[in-house]
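So the structure is just underneath, and the comments pick up after that.
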Amino acid sequence: MKKNIVLSVVFGLILVCYYPVEAQQPTKVRKIGFLSQAGIFPVNFETFRQGMRELGYIEGQNVVIEYRTAEQAARLTELAKELVQQKVEVIVASGPAARPAKMATETIPIVFNFSGDPVEAGFIDSLARPGRNMTGVTQLAFELVGKRLEILKEAVPGVSRVGVLASPLHAGEQRELRETQSTARGLGTALQYNQVKNTSEVGAAFDTIIKEKANALLVFPDPVTNAHHMQIVEFAVKHQLSSMFGRKEPVEAGGLMSYGPNLEELYRRIPVHVDKILKGTKPADIPVEQPMKFELVINLKTAKQIGLTMPPNLLARADKIIR
């Protein structure tokens, strides 16, 4: 009896000593860098944070997110190096920030949200097997490139000559152009292609579009056209050109239509990649994801402003209508 009592006391003391120590073990705080370019479109940082919270990463408790943003590429490079010095475990790089992040480190995992072709950009070996320290999501889906022109032609059957605005510096731009040219031939529509690398070339492209009498405008989504979307929208409305974009923000600003990936859906995939890396998976082994959900956005206010009546069947297919 006494022996049982002694064993119970000893066992109780062990439990008392053990569990307080366990309870006092600090929660490991993970450190993530978030790098983005300002001045184009607002980065959906809140969607990323929400996605992290849903996976159990709570800022101020078990994760710290070092957020850095700048307008100039040179400054982004400095900020990427700063994140490396901060010894973050993962860098999330949005859009044009992906290349500065790549230049800053070959060892820290990078999860990108990239509008172009990450293989052509030299970020990864392939979508299925990235093979390096980078993975993420790409907004580029070549199957929807020609579809934009088809929708534009459906909205304005009389379109015969379409002015195209695109940056030759954007990875994947040439393939986008080939896909668009192939669709244009099938539709019997002429393309007037304008390369734009900076502000002055955007202005020159406007002059060429008017001079060569294009009667619609197709804008490839890339950092240059995104940065100048307000000027492009104003130009199209002023000259009563039906316009098609690859992102919805220009349409919300007054463009006519957009057809492209649901970016919120893509942003929600980034925390999943980050979580896998923090749990030990190498970015080289995490496939880059392509968009699976697309959305058609139509601005009826703009249609009325440029004297266009949108076909009812096209309106019925729209995911969002701005009235």
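Here the dipole of the stretch 242-310 is about 40 debye; that uses its Cα centre as origin and unit charges on the Cβ of Lys and Arg (positive) and Asp and Glu (negative).
In the stretch 158-219, what is the volume of the convex hull around the alpha carbon atoms, normalised per residue and reported in Å³? List each step's numbers first, then the result.
Details: hull volume 3.8 nm³, N = 62.
Given the Cα convex hull of the stretch 158-219, per-residue volume reads 62 Å³.
Full extension of the chain between ARG161 and ARG323 gives 55.6 nm of extra length, using 0.36 nm per residue less the Cα-Cα distance. Residues of the stretch 228-255 with the amide nitrogen closer than 19 Å to a label point 7 Å from the Cα of GLU201, along Cα-to-Cβ, please. Within reach of a label on GLU201, which here means backbone N under 19 Å from a point 7 Å along Cα→Cβ, the stretch 228-255 contributes 228-233, 246. Placing unit charges on the Cβ atoms only, positive for Lys and Arg and negative for Asp and Glu, gives the chain a dipole magnitude near 520 debye about its Cα centre. The tail of the calculated P(r) for the chain beyond 38 Å holds 27 percent of all Cα-Cα pairs. The slack in the chain from LYS279 to ARG175, taken as 0.36 nm per residue of separation less the alpha-carbon distance, amounts to 33.8 nm. Counting every other Cβ atom within 10 Å of each residue's Cβ, TYR67, TYR259, TYR267 order from fewest to most as TYR67, TYR267, TYR259. A helix-only calculation puts the chain at -12500 deg cm²/dmol for mean residue ellipticity at 222 nm, using -39500 (n - 2.57) for each DSSP H run of at least four residues, averaged over all residues.
Could you compute Rg(Cα) / (2.2 N^0.38 Å) for the stretch 60-218, with N its residue count?
Values: Rg = 19.4 Å, N = 159, 2.2 N^0.38 = 15.1 Å.
Dividing the Cα Rg of the stretch 60-218 by 2.2 N^0.38 Å gives 1.28.
By other beta-carbon atoms within 10 Å, ranking PHE112, PHE34, PHE142 with the fewest at the front produces PHE142, PHE34, PHE112. Determine which residues of the stretch 264-290 fall in the zone a paramagnetic label at VAL84 would reach in this model, i.e. backbone nitrogen under 19 Å from the point 7 Å along Cα→Cβ. Answer for this model: 283-284. Here the stretch 29-96 was treated as a single set of alpha-carbon atoms; its pair distances binned every 5 Å from 0 give 4, 17, 28, 24, 17, 9, 2 percent. Positive-end ranking of GLY51, LEU165, THR180 along the dipole of the chain, with charges on Cβ about the Cα centre, is headed by GLY51.
Let's see if you can work this out: charge +1 on each Lys and Arg Cβ, -1 on each Asp and Glu Cβ, no other charges. What is the dipole magnitude of the stretch 161-260 about its Cα centre, in debye to the nearest 20?
Here the size comes out at about 280 debye.
To the nearest whole percent, what portion of all C-alpha pairs in the stretch 63-124 is separated by more than 15 angstrom? The proportion of pairs with Cα distances above 15 Å equals 44 percent.
What area, in nm² and to one decimal, does the C-alpha convex hull of the stretch 193-323 cast on average over all directions?
Working: hull surface 39.2 nm².
For the Cα atoms of the stretch 193-323, the hull's average projected area reads 9.8 nm².
Centroid-to-centroid, using Cα positions, the stretch 44-111 and the stretch 176-227 are 33 Å apart.
Farthest towards the positive end of the charge dipole of the stretch 94-216, among the residues ILE151, THR189, ALA205, is the Cα of THR189, using unit charges on the Cβ of Lys, Arg, Asp and Glu.
Grab the alpha carbons of the stretch 25-148, take their convex hull, and tell me the volume per residue in Å³.
Values: hull volume 16.8 nm³, N = 124.
About 136 Å³ per residue, rounded to a whole number.
Straight-line cross-link partners of LYS293 among the lysines, defined as a Cα under 30 Å from its Cα and at least 8 positions apart when in the same chain: LYS102, LYS147, LYS153, LYS197, LYS248, LYS276, LYS279, LYS282, LYS301, LYS304, LYS320.
Counting every other Cβ atom within 10 Å of each residue's Cβ, ARG269, ARG178 order from fewest to most as ARG178, ARG269. Taken over the stretch 261-321, the convex hull of the Cα atoms encloses 92 Å³ per residue. Against the chain, whose longest principal axis comes from its Cα atoms, helix 45-54 is set at around 40 degrees.
Just so you know, all these numbers are worked out from the coordinates, no wet-lab data involved. Since we're looking at a predicted model, the values are computed, not measured. All Cβ positions, glycine included, derive from the backbone under ideal geometry; neighbour counts span all protein chains shown.
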